[in-house]
Amino acid sequence: MGWSLLFMWLLEGRSEAQFHLFVSLAFIAFYRDWTVMLTATVAAVAYPVVRIALLPDSFVVGPSAFWRVFDQGIWVVCEAALLLLGVQQSMLTIYQFARRESDLRTDNELIKREAAGFKSELERITAQYDFIAECTRAIPFELDLTQGRFTHVGAQAQALLGFPLTRWQENGFFDVLLPRDREGEVRRQFEDASPGTFEVISSVVTGDDRAVDLRWTVHCDIMRGVRCLRGVIVDVTETHRLVREMAQGQKLESVGRVAAGVAHEINTSVQFISDSVRFVRHALKDLPHALADYRALAASALSGKDVVAAAKKAGETDEAADVDYFLKNAPDALDRALDGIGRVGSVAKSMTEFAHPDTQKADVDVNRAVRTTLNMARNEYKEVADLETDFGDVPAVHCHAGDINQVVLNLVLNAAHAISDVVEGTGRKGRITVRTRSIADFVEISIGDTGAGIPESVRARIFEPFVTTKEVGRGAGQGLTLSRGIVVEKLKGSLHFETETGKGTTFLIRLPSSLNASNKQAAA
């Protein structure tokens, strides 16, 4: 303001001085203090008045002089008013920023306290999770698929699988745990995983050369274009052993259910084999005598002896031996014996194939497996139902043959029992229809009966354990549960039914064919 007053002095109050005065007031406005602005304004307005009063000789006194003082005062007041308005708005803005900063600091403190609480809670939950995880047989893991190593693995991994924790974190350890040549399908599931959760079963050779079965429950995330796999590993070796034992027990139970029928089939066949052999043996007892007399007759004829006496004796022996009856009926008796032997052989072969332990999967002829099972169960249904079969030209299924045998036997026995409940005491027979056909990449086996159908009250629960429509002591409710487990979980197929009250039920089994599996491998 001093400089401005000096310029105003030198410029004799001309308009150029107003610029310097405005600039000075503008600089003063940066103080954002209205008292300073007011003081500066009063000084600028009072300056010409004081000058006229104290130094009249330095100013041209008159109307024009007073008008210039008034004009200058008006300009100063207007400029000061605008600048004061700016100062006020600036102060309001500063106050708003100050309040916001105060609010932000308060919010920041609250967030820090909440974050500290969340961190503490997260640490507690993490510690609890680690404790629970380490107390179970489930191994949490995080897998870096690009490096083939585990970036994190639970402490119990070493105890369960025998590999040191440092080994799990080595590059390429995933190839040691799941070699591509042995677990190729499992490795493809890992490498082709899409975002989401999936499960796989694999076999692993541990650090101490034990073979264990592992169930991998894996969650896949895509982070910055990289596939991240996390989840848990569970040792299911014992579970699989119990399942196999249960399946074997169910198979033995099924064999036990048909054992009486099989024994009856064999006994019946052996009986008419025995009868036929006894007939032939009895007839052959006198046949050598007749043959000897015929030879004596031939010798007499050749030597010129008494042919009449020899012929008479041969005729008597022939009549006593009843050679004509033997020659007429012996072939039929031998045919019955051969048929019985064939029947016994067929039953024995079916039993052998049915009860043969499955060591590894193979391409199974579905039609042959079904025929074997029907042959085993024949005595269970032959008295109550006629069997109708329609075997189509179907591809093989890569599985254990015993699995197909088990499922088909369970369903055929159920069909026989359902028909028996309907036709009992009527003298009539029902019908069991067994068909196979190829649908796309699947082989379908359908087993239908003309029983009473499945009641509506149990249809939704028919595959649950211990649910049965049979009377107490006739069924434990495990057959359909086991069958569904084999078809759906083990063979990756489907099992469903179509039923109508009073008309019967048809179970439909669909299994992926070997061609389907080959196409998937080729595509991979």
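The values are calculated or read from the model by the stated rules, or taken from the named source; none is laboratory data. Keep in mind it's a predicted model, so treat the numbers as computed, not measured. FYI the Cβ positions are ideal-geometry reconstructions off the backbone, even for glycines, and counts take in every protein chain you see.
For segment 391-404, does any single residue satisfy the condition of being assigned to a helix (DSSP H, G or I), within 25 Å of the chain's Cα centre (by Cα) and of a type in the set (A, V, I, L, M)? Within segment 391-404 (the criterion being assigned to a helix (DSSP H, G or I), within 25 Å of the chain's Cα centre (by Cα) and of a type in the set (A, V, I, L, M)), the answer is yes, since at least one residue qualifies. Among the numbered conditions (1) touching a helix residue (DSSP H, G or I) at 6+ places or on another chain (Cβ under 6 Å); (2) surrounded by fewer than 16 Cβ atoms within 10 Å (Cβ to Cβ), the only one that Ala211 does not meet is (1).
Filtered by the rule that a residue be buried (at least 23 other Cβ atoms within 10 Å of the Cβ) and in a helix (DSSP H, G or I), segment 417-450 gives Ala418, Ile419.
Could you tell me which of the residues Gly453, Gly475 is modelled with pLDDT of 85 or more, part of a loop (DSSP other than H, G, I, E, B) and over 29 Å from the mean Cα position of the chain (by Cα)? Write out each step before concluding.
On the way: Gly475 fails: modelled with pLDDT of 85 or more.
Being modelled with pLDDT of 85 or more, part of a loop (DSSP other than H, G, I, E, B) and over 29 Å from the mean Cα position of the chain (by Cα) holds for just one of Gly453, Gly475, which is Gly453.
Determine whether Gly148 is in contact with a Phe, Trp or Tyr (Cβ under 7 Å, 6 or more places away or on another chain) and either basic (Lys, Arg) or modelled with pLDDT of 85 or more (or both). Here the answer is yes, as Gly148 does meet what is asked.
Is it the case that segment 376-384 has a residue that's among the aliphatic types (A, V, I, L, M), in a helix (DSSP H, G or I), within 19 Å of Ser483 (Cα to Cα) and touching a helix residue (DSSP H, G or I) at 6+ places or on another chain (Cβ under 7 Å)? Yes; the residues of segment 376-384 include at least one that is among the aliphatic types (A, V, I, L, M), in a helix (DSSP H, G or I), within 19 Å of Ser483 (Cα to Cα) and touching a helix residue (DSSP H, G or I) at 6+ places or on another chain (Cβ under 7 Å).
Looking only at residues of segment 135-149 that are under 23 Å from the mean Cα position of the chain (by Cα) and outside any loop (DSSP other than H, G, I, E, B), we find that the one that is nearest to Arg224 (Cα to Cα) is Asp144.
With respect to (1) surrounded by 11 or more Cβ atoms within 10 Å (Cβ to Cβ); (2) under 18 Å from the mean Cα position of the chain (by Cα); (3) in contact (Cβ under 8 Å) with a residue 24 or more places away in the chain, the lone exception for Phe198 is condition (3).
Being surrounded by 15 or more Cβ atoms within 10 Å (Cβ to Cβ) and assigned to a helix (DSSP H, G or I) is the filter here; which residues of segment 150-162 pass it?
Taking segment 150-162 and keeping what is surrounded by 15 or more Cβ atoms within 10 Å (Cβ to Cβ), we get 150, 153-154, 156-158, 160-162.
Selection gives Gln156, Ala157, Gln158, Leu160, Leu161.
Look at segment 212-225: where a residue is farther than 12 Å from Leu178 by Cβ and a partner is among the aromatic types (Phe, Trp, Tyr), sitting 6+ places away or on another chain with Cβ atoms under 7 Å, you get Val218/Phe198. Has segment 485-507 got any residue that is modelled with pLDDT under 85, assigned by TED's automatic domain parsing to the domain that holds Cys399 and loosely packed, with under 13 Cβ neighbours inside 10 Å? Checking segment 485-507: at least one residue is modelled with pLDDT under 85, assigned by TED's automatic domain parsing to the domain that holds Cys399 and loosely packed, with under 13 Cβ neighbours inside 10 Å.
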